[in-house]
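To start, the structure under review is shown below, and the notes come after it.
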Amino acid sequence: MTIDAVLSDPRFRAATDHLRAHHDRLVDEIVALTEIPAPPFKEEARAAAFERLIAEAGLEDVRRDAVGNVTALRRGTGNGGIVAIAAHLDTVFPEGTDVTVRREGTRLFAPGVGDDTRGLAVLLAYARALDAAGIETQHDILFVADVGEEGKGDLRGIRHLFTEGTYRDRIGCFFTLDSPDMDEIVTRGVGSRRYRVTFRGPGGHSFMALGTVNPAYALAETVQGLARIEVPAEPRTTFCASVMGGGSSINAIPAEVWVEIDLRSEEAGELSRLDVTLQKLVAAAVDAENARGTTDAGEITAELTIVGDRPAGRTETDSEIVTTSEAALRAFGFSPGRAVSSTDANIPMSLGIPAVKLGTGGTGGRAHSLEEWIDVEPEASLRGLSASLAAILGTARLAPPR
């Protein structure tokens, strides 16, 4: 369906009028949801609040699934597939973080306020606006508030939705609404593989057992080898030794040390090659340390444990969801570029299901910091809200008025 047809439909104008009239409610719900902590793996309280609000909006089949996602269905007229629109419940911030919202003019400051609590409030605003405007679509629209998008959550919410969820065989395309930015459409998903590499050895007294093999040396050799890897600039491929620990005392050869390593690439093939390189580095470091030192009390061993595995993927740029989204954003004065990122859209992209990430309107900054902020100035906010809604309706296809 063309964006011109959506924009010229009186029902779309009625929906955007409703968004305008109830913008203060949107802001209030951003604040209320932000102030419900949702640290990694502990999204239950925020999920319960969202579930109550989306049920009040009149959607059907409101439920929480086995992993904690909240889903709600708005039935279409065509008995066809489903267009899913999602925002994630979790934030990157640990339990105990102060999530009180501070207001300065039209700016809201709080951890997680834009990533992705604004997205949750936008889903609620859309559900009410569609109902108030009497809009019907040919495809069903599935509203999803999902868990586990951030960090070690490893996209578990959307992974479940597409592999085990009730609607897994019916979702034909997928929008994730994440961050305020309206000048990009994410059409490619950065894949990542994350390991905890644990090195173990016999340990011993730092003075009396000098020469005994030391797992810290194998760890250091692995990290230095990682630093020397050459990776392509295109497709963008990266690596990082990020967190490490272990040992028991300054005067003891450690019995166990560990390092967490993040591998990423825009292409699955390059990510697999980087993975193989890391495993060879670990094996070589273990062999080198066992050859260097004394192994009378035992040898060095290594264990690689996957702590994150996000698949790479892409949505073809000539697919309907991309061309419709681009047309919608341009119609509202945005200049969207095609971007690469790691979002909930990675999962459907990797399965060959068309998916994009769109913004939620307005502006923002300092995501993943304690000074994260968004600007809810009404005109900029409503322009973004209207553009993303037009993209969704163009893809879900407005049904003729009855």
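Key figures
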{"read-out": "Residue check, ARG196 modelled with pLDDT of 95 or more, surrounded by fewer than 19 Cβ atoms within 10 Å (Cβ to Cβ) and either assigned to a helix (DSSP H, G or I) or not small (Gly, Ala, Ser) (or both)", "value": "yes"}
{"read-out": "Top-ranked residue of segment 191-227 - restricted to ones that are touching a strand residue (DSSP E or B) at 6+ places or on another chain (Cβ under 7 Å) and among the aromatic types (Phe, Trp, Tyr), ranked as nearest to CYS240 (Cα to Cα)", "value": "TYR195"}
{"read-out": "Within segment 248-356, helices (runs of 4 or more DSSP H) holding 3 or more residues that are in contact with a Gly (Cβ under 6 Å, 6 or more places away or on another chain) and buried (at least 18 other Cβ atoms within 10 Å of the Cβ)", "value": "346-350"}
{"read-out": "Cβ pairs under 9 Å, 6+ apart, first in segment 223-234 and open to solvent by 90 Å² or more (accessible area, probe 1.4 Å), second among the aliphatic types (A, V, I, L, M)", "value": "GLN224/ALA285"}
{"read-out": "Those residues of segment 83-121 which are part of a loop (DSSP other than H, G, I, E, B), under 14 Å from the mean Cα position of the chain (by Cα) and of a type in the set (S, T, N, Q), in sequence order", "value": "THR91"}
{"read-out": "Subset of segment 50-60 (residues that are surrounded by fewer than 19 Cβ atoms within 10 Å (Cβ to Cβ) and under 24 Å from PHE93 (Cβ atoms))", "value": "GLU51, ARG52"}
{"read-out": "Subset of segment 70-105 that is of a type in the set (D, E, K, R) and open to solvent by 60 Å² or more (accessible area, probe 1.4 Å) - its residue that is nearest to ALA55 (Cα to Cα)", "value": "ARG75"}
{"read-out": "Single match in VAL101, VAL92 (criterion: at pLDDT 95 or above, out of contact with any Ser or Thr (no Cβ under 6 Å at 6 or more places or on another chain) and among the hydrophobic types (A, V, I, L, M, F, W, C))", "value": "VAL92"}
{"read-out": "Pairs, first touching a residue at least 40 places away in the same chain (Cβ under 8 Å) in segment 51-63, second outside any strand (DSSP E or B) and of a type in the set (A, V, I, L, M), C-beta under 8 Å, six or more apart", "value": "LEU53/LEU124; ILE54/LEU123; ILE54/LEU124; ILE54/ALA127; ALA57/LEU124; ALA57/ALA127; GLY58/ALA127; LEU59/ALA127"}
{"read-out": "THR16 vs. criteria buried (at least 18 other Cβ atoms within 10 Å of the Cβ), hydroxyl-bearing (Ser, Thr, Tyr) and over 26 Å from LEU382 (Cβ atoms)", "value": "no"}
{"read-out": "Every residue from segment 149-167 that is surrounded by fewer than 20 Cβ atoms within 10 Å (Cβ to Cβ) and more than 14 Å from the chain's Cα centre (by Cα)", "value": "THR163, GLU164, THR166, TYR167"}
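Here is a yes/no grid of residues against (1) in contact with a Cys (Cβ under 8 Å, 6 or more places away or on another chain); (2) of a type outside the set (Val, Ile, Thr); (3) under 13 Å from THR222 (Cα atoms):
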{"position": "PRO232", "(1), (2), (3)": "no, yes, no"}
{"position": "VAL257", "(1), (2), (3)": "no, no, yes"}
{"position": "GLU270", "(1), (2), (3)": "no, yes, no"}
{"position": "VAL286", "(1), (2), (3)": "no, no, yes"}
{"position": "GLU289", "(1), (2), (3)": "no, yes, yes"}
{"position": "THR294", "(1), (2), (3)": "no, no, no"}
{"position": "ARG310", "(1), (2), (3)": "no, yes, no"}
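This table checks each residue for (1) open to solvent by 10 Å² or more (accessible area, probe 1.4 Å); (2) within 28 Å of LEU26 (Cβ to Cβ); (3) of a type outside the set (D, E, K, R).
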{"residue": "ARG107", "(1), (2), (3)": "yes, yes, no"}
{"residue": "ALA133", "(1), (2), (3)": "yes, yes, yes"}
{"residue": "VAL147", "(1), (2), (3)": "no, yes, yes"}
{"residue": "MET182", "(1), (2), (3)": "no, yes, yes"}
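The values are calculated or read from the model by the stated rules, or taken from the named source; none is laboratory data. Model, not experiment: these values are computed from the prediction. All Cβ positions, even for glycine, are placed from backbone atoms using ideal geometry, and neighbour counts span all protein chains on display. We work out accessible area using only protein heavy atoms, side chains counted, and drop any ligands, DNA or RNA first. Shrake-Rupley method; radii C 1.70, N 1.55, O 1.52, S 1.80 Å.
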